[in-house]
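Engineer: Sending over a structure as structure tokens; questions will come in a sec.
The values are calculated or read from the model by the stated rules, or taken from the named source; none is laboratory data. Here the structure is a predicted model, which means the values were calculated and not measured. Using ideal geometry, Cβ is built from the backbone for each residue, glycine included, and neighbour counts are taken over all protein chains shown. Accessible surface areas use protein heavy atoms only, side chains included; no ligands, DNA or RNA. Shrake-Rupley method; radii C 1.70, N 1.55, O 1.52, S 1.80 Å.
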Amino acid sequence: TYSLSSCHSSSTSNNDADNIIPVSKTTPNTSLATAMDTTLAAYYQLKDAITRADTAEANTTAITLQTTLDSIPLTQIKNDTVVSFAKATISSMAGEILGLQGEADIQGKLSEFSMISDMLYELIKVVGLKNQTVYRYFCPMAFDNKGAYWLSNEKKINNPYYGRVMPDCGEVKETMKF
């Protein structure tokens, strides 16, 4: 049997000029920025493993992501509200990362990945990055058409939710320039 699928995206183009958002009004100091950059790089490795449906690599990169999250020097953040938010978010992400590692199949890992993506998005918007552009993509078909987001450092769409079937399905919802 054959199954026909459509992206159902309102736009699969990479035309995101209207969605460019300069996010951070303050730039994190060097060690905080480096830790955030390292965390984002670990997330991208996880995204790539998920996109390839490589469950073993996803588990390995999830451990790396947790290690990088744990190394973020929150004491360098001077705003108590931001510190509290960051601690809570990192703690929640730790639970999702454990959940991702506990899932045996790619579908279970995708669910955890979606939550990790949403939380990391919130974390980087609050804590900030330095000299980075982050694309926030949306796949409208993920999870029975409920949709899901992911982050990327590339303008070219490479959908982790339908990576093998429809790798370029999705749309840029936001471009964050730090």
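Engineer: Choose one of I97, C169, L74: the residue whose Cα lies farthest towards the positive end of the charge dipole of region 59-178 (beta-carbon charges +1 Lys, Arg; -1 Asp, Glu; about the Cα centre).
Structural biologist: The residue sitting most towards the positive pole is L74.
Engineer: Could you order the peptides 139-145, 40-46 from most to least packed, using the average number of other C-beta atoms within 10 Å per residue? Could the numbers behind the result be given before it?
Structural biologist: Numbers: 139-145: 16.3, 40-46: 20.3.
Taking the mean over residues of other Cβ atoms within 10 Å, the ranking is 40-46, 139-145.
Engineer: Rounded to a whole number, what % of the accessible area of region 53-178 do carbon and sulfur atoms account for, probe 1.4 Å? Present the calculation step by step, with values, prior to reporting the outcome.
Structural biologist: On the way: 2800 of 5760 Å².
Its accessible area is 49 percent carbon and sulfur atoms.
Engineer: If you don't mind, there's one more thing I want to ask. What does the accessible area per residue of region 65-178 come to in Å², with a 1.4 Å probe and no ligands, DNA or RNA counted? Each step should come with its number before you reach the end.
Structural biologist: Values: 5210 Å² over 114 residues.
Value returned for region 65-178: 46 Å² of accessible area per residue.
Engineer: Can you tell me the length gained on complete extension of the stretch V82 to K130, counting 0.36 nm per residue apart and subtracting the Cα distance?
Structural biologist: 15.6 nm
Engineer: Let me check something: with ligands and nucleic acids excluded, how do K125, K156, K146 order by accessible area (1.4 Å probe), largest to smallest? Working shown, then result.
Structural biologist: Details: K125 70, K156 135, K146 160 Å².
So, going from the largest accessible area down, we get K146, K156, K125.
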